[in-house]
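Novice: Take a look at the following structure, please.
Taken together, the values in this text are just the output of simple stated rules run on the coordinates, not laboratory data. Computed from a predicted model, the values in this text were never measured in an experiment. Ideal geometry is used to build each Cβ from the backbone, glycine not excepted, and the neighbour counts take in all protein chains shown.
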Amino acid sequence: MRIAIVGLGVAGSYLAYQLRDQHKVVAFDKLPASKFDAVCAWGTSKDGIAKFAKDCGLNFDDYIMHNGERMLVDIGKETFDIPLKGLVCFDKLKFIQDSADKPETHFGSWVNRSNFKNDFDMVVDATGLSRPLLPRIHGDKLIPCVQYKVKYKDPPFDDFYIKPFDDLSGYFWYFPLGNGYAHVGAGDYNKRHNEFLYRFLKEHDGQVISKTGRPIRITPPAMCEPFFEGNVIGVGESIGTVYPLLGEGIIPSLQCASFFKDYIENMNAYRAQVLQHFKIYETVYKFIKTKIDGKFDMKTQFFGLMSMFFHMRFNEKRYGLQIRLSDMLKVLRA
């Protein structure tokens with residue numbers, strides 16, 4: 001088949017590598033090659049991503065910039081540590097560039113629904129948030145985010161640090177990148193993140209190297225249908241593969257891309273696999289939404305809380321941290 005892959009984030013780049021031998025793959029990204037970047041805090045689970053790196057002939061250890069030991073969680077009236085189980089910061093940009101072995105690539109190419117779909121047997125929308133080739137999502141929930149790359153002479157933290165906002169509407173993060181560098185960012189549905197970031201950057205003096213900003217989709221796959229229309233198929237964040245509690249989409253998007261590769265001849269089976277695998281995301285999304293909307297009640301949301309807890313507890317290595325119910329309750333009660 002002749003396949004176009006639109007969007008060269010982790011999902012699109014992974015697919016370009018995986019499909020290149022069996023199909024004619026042409027890749028597109030809206031950013032010029034000189035401005036191509038990998039947006040997000042660059043944090044992921046070593047155990048969760050290592051398989052996908054190996055699939056692309058890469059050793060993930062070569063990309064690690066910081067090995068985490070603990071995450072400091074600041075809930076205002078107290079702080080506590082979460083022991084980590086393989087949570088790392090990695091060079092996401094280099095990882096994408098090295099994993100995307102693309103025979104034909106067009107950077108700086110904005111693709112929409114009308115300009116080339118008939119030129120390909122299949123078009124993969126791996127654009128993430130923008131989703132220009134698929135219908136709009138009704139009731140889409142987005143969290144606005146801003147992030148700075150900062151160089152510190154005296155870093156304020158030596159490991160991961162997060163501060164959740166009230167009502168779980170978002171959080172502030174500090175992710176070390178090694179050698180005094182860090183990604184400092186925040187996202188908040190209620191748009192308090194810029195003010196918090198301004199105060200933090202003023203309090204902790206450092207050299208701002210770069211600034212990026214874009215929303216994160218927390219709408220789960222079950223609410224992002226259709227996944228495909230005509231010869232266009234969505235993969236990754238374009239169909240909601242972001243874990244709503246953490247705003248984490250690297251590993252979920254790679255998992256989704258792997259499902260696409262496995263079911264490329266049967267899109268109905270692909271849809272069923274995505275809905276089944278990410279079913280917990282709908283439960284977590286509804287739980288988070290009650291907090292954001294000010295309608296949270298522990299009695300009515302107890303099932304959602306326990307579903308979320310057991311899901312993460314049995315997948316600690318996938319998330320890279322030790323999951324304790326007591327920690328979850330502390331954040332909820334803050």
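Novice: Ranked highest first by average number of other Cβ atoms within 10 Å, how do 154-164, 213-223 line up? It would help to have the intermediate numbers written out before the result.
Specialist: Numbers: 154-164: 17.4, 213-223: 19.9.
Descending mean neighbour count gives 213-223, 154-164.
Novice: Continuing with the same structure: What Kirkwood hydrodynamic radius do you get for segment 1-158 when you take the inverse of the mean 1/r over all pairs of distinct Cα atoms, in Å? Walk me through the numbers on the way to the answer.
Specialist: On the way: mean 1/r = 0.0556 Å⁻¹.
Computed over Cα pairs of segment 1-158, the Kirkwood hydrodynamic radius comes out at 18.0 Å.
Novice: Check TYR181: other-chain or 5+ apart residues with amide H under 5 Å from its amide H, H built from backbone geometry?
Specialist: TYR152
Novice: I need to check one value: relative contact order of segment 183-334, counting alpha carbon pairs closer than 8 Å and at least 6 residues apart, in percent. Kindly include the intermediate steps, with their values, before the conclusion.
Specialist: Values: 124 pairs, mean separation 24.4, N = 152.
The value is 16 percent.
Novice: Report the gain in length on full extension from LYS24 to TYR263: 0.36 nm times residue separation, minus Cα-Cα distance, nm rounded to one decimal.
Specialist: Details: separation 239, 0.36 × 239 = 86.04 nm, distance 1.73 nm.
Full extension of this stretch gives 84.3 nm more.
Novice: Return one number: the angle in degrees, 0 to 90 and rounded to the nearest 10, between the long axis of the Cα atoms of helix 250-262 and the longest principal axis of the Cα atoms of the chain.
Specialist: 30 degrees
Novice: Too long at a 29 Å Cα-Cα cut-off: which of LYS191/LYS330; LYS51/LYS191; LYS54/LYS291; LYS54/LYS279; LYS30/LYS202?
Specialist: Numbers: LYS191/LYS330 23 Å; LYS51/LYS191 36 Å; LYS54/LYS291 39 Å; LYS54/LYS279 27 Å; LYS30/LYS202 34 Å.
Beyond 29 Å: LYS51/LYS191; LYS54/LYS291; LYS30/LYS202.
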